[in-house]
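Readers should treat all values here as calculations from the given coordinates under stated rules, not as data from a laboratory. What you see is a predicted model, and the numbers here were worked out from it, not measured in a lab. Backbone-built Cβ (ideal geometry, glycine too); neighbour counts: all protein chains shown.
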Amino acid sequence: TKNIDLAVIAGDGIGIEVVEQGLAVLESALATSDVSLATTDFNLGAKRWHETGDTLTDEDLAALRTKDAILLGAIGDPTVPSGVLERGLLLKLRFSLDHYVNLRPGKLYQGVKSPLAEPGEIDFVVVREGTEGPYVGNGGSIRTGTPHEVANEVSVNTAFGIERVVRDAFARAAARERKHLTLVHKHNVLVHAGHLWRRTVERVNEEFPEVTTDYLHVDAATIFLTTNPSRFDVIVTDNLFGDILTDQAAAITGGIGLAASGNINPDRTTPSMFEPVHGSAPDIAGQGKADPTATILSVAMLLDHLGYTEQSKSVENAVAADLAERGTAVRSTAEVGADIAARVRG
Ligand code: IPM
Ligand code: MN
């Protein structure tokens, strides 16, 4: 029989509450299958940092590497200085495990209210590069704290790194109905990186002639995400542009309470990591108010990545049905989780 050996990093704030529901739905989805589930909790986040000063040790990473996948709740706490957990834990996980595809669907489900007056059909996916760009920490500050301070964050863009994420985006586009790929960058200003991205898309397109492509500068992309989001099918972009665009994508499709993501290593040399796009929301943590739907949709992505297509579909369909009937009812984190789990069980 098959088994999923899952690492669970609930993390901070509402991460703990939403992961509990994500796991309950995952168990429901596997209940009637021949797939068993083993979970290992990893104590990572603010609590661990306060206890030991560690964010993510070599031992933690070695243990995580042995797992099939990782489910992560949220990282970040106001008691920890900004950047410590973000860089030392979340980004360190993405970089160390070579999660070069940060996959973030932008889908408006039936029954969900978009802030756009006429949203139309929204169903695209952002392939955000996950290991390069301005995120890598290639920079520094001199004359720090003086009026002559110079602070640099240098965006790193390698031909290797761009090509592999672009190829993945093309493959995803080729597997979709519309087979369309939009490159988002800013090559009128960021000429070095921008043209390397553009040339790479043109070259890899030869391997996927069935995929049509276009290009948008990132500022124009934000306009179209508001005025005509239906035009998007697959978007490929760098780490920082992808970070910003996927918050906008979440906003137009019902908010970050619904936005799922996967930090994926398509080569499967390391476990991929699935997490809601939202953060730890310390203002509502512990109150049972957080919407676990984003985590549950991330669980659907996890199942899909591991090849359990049918179980993945059952989770996504349960979420879609729940959203379609959600109406104005105010439900707790546990109630939403239980409602979706019940639909998964059928
Ligand atoms: C996200 C978050 C992270 C990012 C932060 C917390 C480092 O905003 O997952 O989108 O910028 O990638
Ligand atoms: Mn973000």
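Order 219-230, 94-105 from most to least packed using the mean count of other Cβ atoms within 10 Å.
Put in order of decreasing packing, that is 94-105, 219-230.
What are the DSSP H helices in the chain that stretch 15 Å or more along their long axis, judged by alpha-carbon atoms, and whose average Kyte-Doolittle hydropathy comes to at least 1.0? Don't jump to the answer; show the numbers that get you there.
On the way: long enough: 15-31 (23 Å, 1.08); 159-174 (22 Å, 0.41); 191-205 (21 Å, -0.71); 239-252 (20 Å, 0.69); 293-305 (18 Å, 1.28); 309-324 (22 Å, -0.27); 333-345 (18 Å, 0.23).
Counting only whole DSSP H runs, the qualifying helices are 15-31, 293-305.
Using the Kirkwood formula on the Cα atoms of the chain, what hydrodynamic radius do you get, in angstrom to one decimal?
20.8
Taking N as the number of residues in the range 114-253, what is its alpha-carbon radius of gyration divided by 2.2 N^0.38 Å?
Values: Rg = 16.5 Å, N = 140, 2.2 N^0.38 = 14.4 Å.
So the range 114-253 has a normalised radius of gyration of 1.15.
Answer rounded, prolate or oblate for the range 72-111, using the Cα gyration tensor with square roots of eigenvalues a ≥ b ≥ c: rounded when a/c is under 1.5, else prolate when a/b is larger than b/c, else oblate. Intermediate values should be presented prior to the final figure.
Numbers: a/c = 3.81, a/b = 1.50, b/c = 2.55.
In terms of gyration-tensor shape, oblate.
Helix-derived [θ] at 222 nm for the chain: sum -39500 (n - 2.57) over DSSP H runs of at least 4, divide by residue count, nearest 500? Working shown, then result.
Numbers: 11 runs with 134 residues, N = 346.
The per-residue figure over the chain is -12000 deg cm²/dmol.
Once label points are set 7 Å from the Cα along Cα→Cβ at both Arg176 and Arg268, what is their separation, rounded to one decimal in nm?
2.3
Which distance in Å, rounded to a whole number, links the C-alpha centroids of the range 292-319 and the range 99-152?
23
What whole number of Å gives the distance from the Cα centroid of the range 1-61 to the Cα centroid of the range 202-276?
26
When the dipole is taken about the Cα centre of the chain, and only Lys, Arg (+1) and Asp, Glu (-1) are charged at their Cβ, what size is it in debye, to the nearest 20? Could you put the intermediate results ahead of the total?
Working: 31 positive and 47 negative charges, 96 e Å.
Result for the chain is approximately 460 debye, rounded to the nearest 20.
Report the extension gain between Ala31 and His195 in nm, rounded to one decimal, defined as 0.36 nm multiplied by the number of residues separating them, less their alpha carbon distance. Let's see the in-between values first.
On the way: separation 164, 0.36 × 164 = 59.04 nm, distance 4.93 nm.
This chain segment gains 54.1 nm when fully extended.
Sorting check: for 163-174, 289-300, which peptide has the highest mean count of neighbouring beta carbons within 10 Å, and how do the rest follow?
Values: 163-174: 20.9, 289-300: 27.2.
My ranking of the peptides, most packed first, is 289-300, 163-174.
Within the range 253-346, list the GluC sites (Glu not before Pro) lying in a DSSP loop whose Cβ has at most 14 other Cβ atoms in a 10 Å radius.
Loop-located and lightly packed - Glu325.
Modelled label-to-label distance, Arg345 and Gln248, 7 Å Cα→beta-carbon offset: nm?
4.3
Between Glu153 and Thr222, what length comes free when the chain is fully extended (0.36 nm per residue of separation minus the Cα-Cα distance, one decimal in nm)? Mind showing how you got there, number by number?
Values: separation 69, 0.36 × 69 = 24.84 nm, distance 2.32 nm.
Gain on stretching Glu153 to Thr222: 22.5 nm.
Multiplying the sequence separation of Lys313 and Asp41 by 0.36 nm and subtracting their Cα-Cα distance, what value in nm do you get? Don't skip to the end; give the middle numbers.
Details: separation 272, 0.36 × 272 = 97.92 nm, distance 2.58 nm.
Length gained, Lys313 through Asp41: 95.3 nm.
For the chain, how many pairs of lysine residues have a Cα-Cα distance under 18 Å, where the two are 8 or more positions apart or belong to different chains?
The result is 5.
Among DSSP beta bridges lying fully in the chain, give the percent that are antiparallel, nearest 5. Intermediate results must be reported in sequence, preceding the final value.
Values: 19 of 48 bridges.
Restricted to the chain, the bridges split so that about 40 percent are antiparallel.
Please compute the contact order of the range 114-253 in relative form: average sequence separation of alpha-carbon pairs under 8 Å and at least six residues apart, divided by the residue count, as a percent.
Numbers: 225 pairs, mean separation 55.7, N = 140.
It rounds to 40 percent for the range 114-253.
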